[in-house]
Amino acid sequence: MSLQQVARRYASALADVAVERGKEREVQTEIDSWASMIESNPLLRDVFANPTIPYEQKRNVLEELISRSKVQETTASFLRVLLENQRLPELKEVAARYSQVLDERAGVVAAHVTTARAIPDDLRNSLQQALAESTGKTVRLSFTTDESIIGGVVARVGSTIFDGSVRSQLERLAVNLTDRK
């Protein structure tokens, strides 16, 4: 089973419990923090990933961290399950999938937009509305700039890419001109 499949299963199970308890966003914040903590600390990541370190020692480290961080019981139980199943090193992927699962259940889709320059808020709002109409869902946008696209917009919604960049239009034009020779 692939890491993505494993992460999705754990994320879906966590979402079921967190939604039932009404703690989905609190748990999301805690899981994201834990994933960042483990990723940013190579020693901690190695402890949880190393199969030669006895489970009891890993459990003691985890319990100490749980007691210091004072996380929700839902989060603490989930971290214990991941440790028990030797999946704690994959927490970053699980956290990302958890966020996606919550968004899917809420009818929200994430879109990443790249522009050559920062765009004003009114254009951002128009773009968000246009993407919402094309997807039929609520859209949460994130923006980056990349001068290499020259102008226009590249939007990624899930696996769909809407490329209205000047760069891609110039590339298509070049292909068309060379095909005519």
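The table below lists the values:
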item: Whether the range 71-149 is rounded, prolate or oblate, judged on the alpha carbon gyration tensor where a/c under 1.5 counts as rounded; result: prolate
item: For ARG117, ARG140, order by how many other beta-carbon atoms lie within 10 Å, fewest first; result: ARG117, ARG140
item: Rounded to whole Å, sorted largest first: equivalent-ellipsoid semi-axes of the chain, Cα gyration tensor; result: 41, 20, 15
item: Estimated FRET transfer efficiency when R0 is 22 angstrom, pair SER134-ARG172 (beta carbons, to 0.05); result: 0.55
item: Paramagnetic reach from LYS70 (point 7 Å along Cα→Cβ, amide N under 20 Å) across the range 21-52; result: 23-35, 37
item: Ranked by how many other beta carbons lie within 10 Å on average, peptides 81-91, 142-152 from highest; result: 81-91, 142-152
item: For the range 3-104, convex hull volume per residue from C-alpha positions, Å³; result: 88 Å³
item: Lysine-lysine proximity count for the chain, Cα under 20 Å, sequence distance 8 or more or distinct chains; result: 5
item: 12 Å tail of the calculated P(r), the range 129-175, as % of Cα pairs; result: 67 percent
item: Full-stretch length increase - MET37, MET1 - with 0.36 nm per residue and alpha-carbon distance subtracted; result: 10.4 nm
item: Cα long-axis angle, helix 24-40 against the chain (0 to 90 degrees, to the nearest 10); result: 90 degrees
item: Under 12 Å, Cβ to Cβ, from LEU3 - net charge with Lys/Arg +1 and Asp/Glu -1; result: +3
item: Average Cα contact separation per residue, the range 107-179, under 8 Å, 6 or more apart, as relative contact order %; result: 37 percent
item: Between the range 55-82 and the range 90-140, the alpha-carbon center distance in angstrom; result: 32 Å
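Computed from the coordinates by the stated procedures, all read-outs in this text should not be read as laboratory data. Quick caveat, the model's predicted, so the values are computed rather than measured. Virtual Cβ from ideal backbone geometry, glycine too; neighbours counted across all protein chains shown.
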